[in-house]
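Engineer: My questions all concern the structure below.
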Amino acid sequence: MTPSALADVQQARSATPVRVAVAGTGYWGVNHVRAFAALKGAQLVAVVEPNEAARQKALGLAPAARGLATLEEALAAPDIDALVLATPAVLHAQQALAVLAAGKHVFVEKPMALSIADAEALVAAAAVAKRTFMVGHLMVHHPVMRKLDEMIRDGSIGEIYYVYATRVNLGRVRKDENALWSFGPHDISMILHLFGMVPDRVSAQGHGYLQKGVQDVVFVNLDFPDGRMAHIQLSWLDPRKERRITIVGSRRMVEFDDAHPTEKLRIYDKGYDRPPEFTEFAQYLTIRQGDIHIPRVDTTEPLGLECRHFIQCITDGTEPLTGVREGLAVVRVLAAAQRSLDAGGTPFLL
Ligand SMILES: NC(=O)c1ccc[n+]([C@@H]2O[C@H](COP(=O)([O-])OP(=O)(O)OC[C@H]3O[C@@H](n4cnc5c(N)ncnc54)[C@H](O)[C@@H]3O)[C@@H](O)[C@H]2O)c1
């Protein structure tokens, strides 16, 4: 057994918490600070943030943690086992490589990297480092996704025909990332998870209305090797806030509406049935207009579940649901969609 594997086993057997630092405590990182500060099995020991005001704000949420101004200080600290990177996307790949090289576990916010080459370098480095590598594909950790997993497993959705997702609002305009790279990882990771495979053809169209060259509105199409398809609409320039994914299956149709405060999942017993016998072509398919069911789903905050999964994977030595390979698959789709965007919508093969 290698020393790092032995260290993992010892950590798993001991009741000592995983010592975590959160790097980047801006708009999103403070949520990680809050979540890890409250998480059983983890000890938030530091926040890493160059901006003094942002660092102080984060420390206000985690008074037991210490403040550091640079990632290098955290990498050199022997009392930090794992780093959460909620820094600007342009820094993710380089910082995640540095965390692995320092022998620490890493949780990197989406998008994991901004190019396929960088994402592949992370897969290779994670294999050598033998540390836990998790990507912040939050929606895959949503309790509604567990319910959908169950429905796919027990056959109640039937064969998934197609999926479409809408992630739009009048929201935070970014200048370094377009709506594809900012919002797309959420829906792409959910769709890859639901289909259990990666698309082989991707096309995208979009436009930058507010800033030239930074698309505010993007429409993405994914074609899968077995003929199934998915469509994603992404925008921060829209009158309504929508966070919806619709799954059309052979037995049921399902709508996951994450913007709804309570009724996040609707199951439509609707579709077409094929009667065993028919005499006329018009009878070949009969419409089924069944009930609409709104099941009770776990209301635990997805971010808390995601952070707990990271700690669990470190202590058990298991591969995260959103590990580095899944991160690479999502980056491949994003990169193909970006190529298509740049080419005015031409489809690209993966
Ligand atoms: N999972 C989600 O739902 C979700 C939501 C929003 C943002 N995000 C992701 O979180 C990441 C951060 O986004 P944001 O909106 O919080 O951006 P932000 O600009 O508000 O925050 C980034 C922070 O990182 C700090 N920073 C810059 N360089 C640093 C360094 N070298 N070391 C440590 N800190 C550094 C900045 O000072 C800033 O405070 C992005 O990757 C974004 O896509 C995820």
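Engineer: Only residues that are closer than 22 Å to W181 by Cβ and open to solvent by 30 Å² or more (accessible area, probe 1.4 Å): list them for the stretch 69-95, please.
Structural biologist: P88, V90, L91, Q94
Engineer: Oh, and also: Where residues in the stretch 134-152 are assigned to a strand (DSSP E or B) and out of contact with any Cys (no Cβ under 9 Å at 6 or more places or on another chain), which of them is nearest to the ligand (Cβ to nearest atom)?
Structural biologist: G136
Engineer: Any residue at all in the stretch 281-292 that's touching a residue at least 24 places away in the same chain (Cβ under 8 Å) and not in a helix (DSSP H, G or I)? If you could, list the steps in order and put the result at the bottom.
Structural biologist: Step one: filter the stretch 281-292 for residues touching a residue at least 24 places away in the same chain (Cβ under 8 Å), giving 292.
Okay, now just the ones that are also not in a helix (DSSP H, G or I), so 292.
Yes; the residues of the stretch 281-292 include at least one that is touching a residue at least 24 places away in the same chain (Cβ under 8 Å) and not in a helix (DSSP H, G or I).
Engineer: Related question: For the stretch 1-40, enumerate the residues that are surrounded by 15 or more Cβ atoms within 10 Å (Cβ to Cβ), more than 16 Å from the ligand (Cβ to nearest atom) and at pLDDT 95 or above.
Structural biologist: Listed by number, the residues that qualify are P17, V18, R19, A37, L39.
Engineer: Read through the list (1) under 24 Å from V90 (Cα atoms); (2) open to solvent by 60 Å² or more (accessible area, probe 1.4 Å), then give the number of the only condition that F183 fails.
Structural biologist: Looking at each condition in turn, F183 falls short on (2).
Engineer: Working only within the stretch 312-337, note down all residues that are open to solvent by 40 Å² or more (accessible area, probe 1.4 Å), farther than 12 Å from V198 by Cα and in a helix (DSSP H, G or I).
Structural biologist: Correct list: Q312, D316.
Engineer: Also, quick follow-up: Exactly one of (1) within 15 Å of the ligand (Cβ to nearest atom); (2) under 29 Å from L349 (Cβ atoms) is unmet by G206. Its number?
Structural biologist: (1)
Engineer: Considering the stretch 153-206 alone, what residues qualify as being of a type in the set (S, T, N, Q) and in a strand (DSSP E or B)?
Structural biologist: Those that are of a type in the set (S, T, N, Q) and in a strand (DSSP E or B): T166, N169, S203, Q205.
Engineer: Looking only at the stretch 52-66, filter to residues that are of a type outside the set (G, A, S) and touching a residue at least 24 places away in the same chain (Cβ under 8 Å); which one of those is least open to solvent (accessible area, probe 1.4 Å)?
Structural biologist: Applying the filter and picking the extreme gives R55.
Engineer: Has the stretch 236-257 got any residue that is of a type in the set (F, W, Y), assigned to a loop (DSSP other than H, G, I, E, B) and either at pLDDT 95 or above or open to solvent by 30 Å² or more (accessible area, probe 1.4 Å) (or both)?
Structural biologist: There is at least one residue in the stretch 236-257 that is of a type in the set (F, W, Y), assigned to a loop (DSSP other than H, G, I, E, B) and either at pLDDT 95 or above or open to solvent by 30 Å² or more (accessible area, probe 1.4 Å) (or both).
Engineer: Sticking with this structure for a sec: Quick check on my filter: what residues within the stretch 81-123 are under 18 Å from L328 (Cβ atoms) and among the acidic types (D, E)?
Structural biologist: Listed by number, the residues that qualify are E109, D118, E120.
Engineer: Let me ask another. Could you go through the stretch 174-194 and let me know if any residue there is within 13 Å of Q338 (Cα to Cα) and modelled with pLDDT under 95.
Structural biologist: Scanning the stretch 174-194, I find at least one residue that is within 13 Å of Q338 (Cα to Cα) and modelled with pLDDT under 95, so the answer is yes.
Engineer: Looking at the stretch 293-311 only, could you name the residues that are among the basic types (K, R) and assigned to a loop (DSSP other than H, G, I, E, B)?
Structural biologist: Result: R296, single match.
Engineer: Assess whether T166 counts as being touching a residue at least 60 places away in the same chain (Cβ under 8 Å), hydroxyl-bearing (S, T, Y) and surrounded by fewer than 22 Cβ atoms within 10 Å (Cβ to Cβ).
Structural biologist: Answer is yes for this residue.
Engineer: Report yes if some residue within the stretch 256-279 is polar (S, T, N, Q), outside the structural domain of E159 (by TED's automatic domain parsing) and either more than 30 Å from E109 (Cα to Cα) or in contact (Cβ under 8 Å) with a residue 12 or more places away in the chain (or both); otherwise report no.
Structural biologist: no
Engineer: In the stretch 96-133, how many residues are open to solvent by less than 20 Å² (accessible area, probe 1.4 Å) and outside any helix (DSSP H, G or I)?
Structural biologist: 11
The values are calculated or read from the model by the stated rules, or taken from the named source; none is laboratory data. Remember, it's a predicted structure, so these values are computed and weren't measured experimentally. Cβ atoms come from the backbone with ideal geometry, glycine included; neighbour counts cover every protein chain shown. When the accessible area is computed, the model is the full protein with side chains, heavy atoms only, and any ligands, DNA or RNA have been set aside. Shrake-Rupley method; radii C 1.70, N 1.55, O 1.52, S 1.80 Å.
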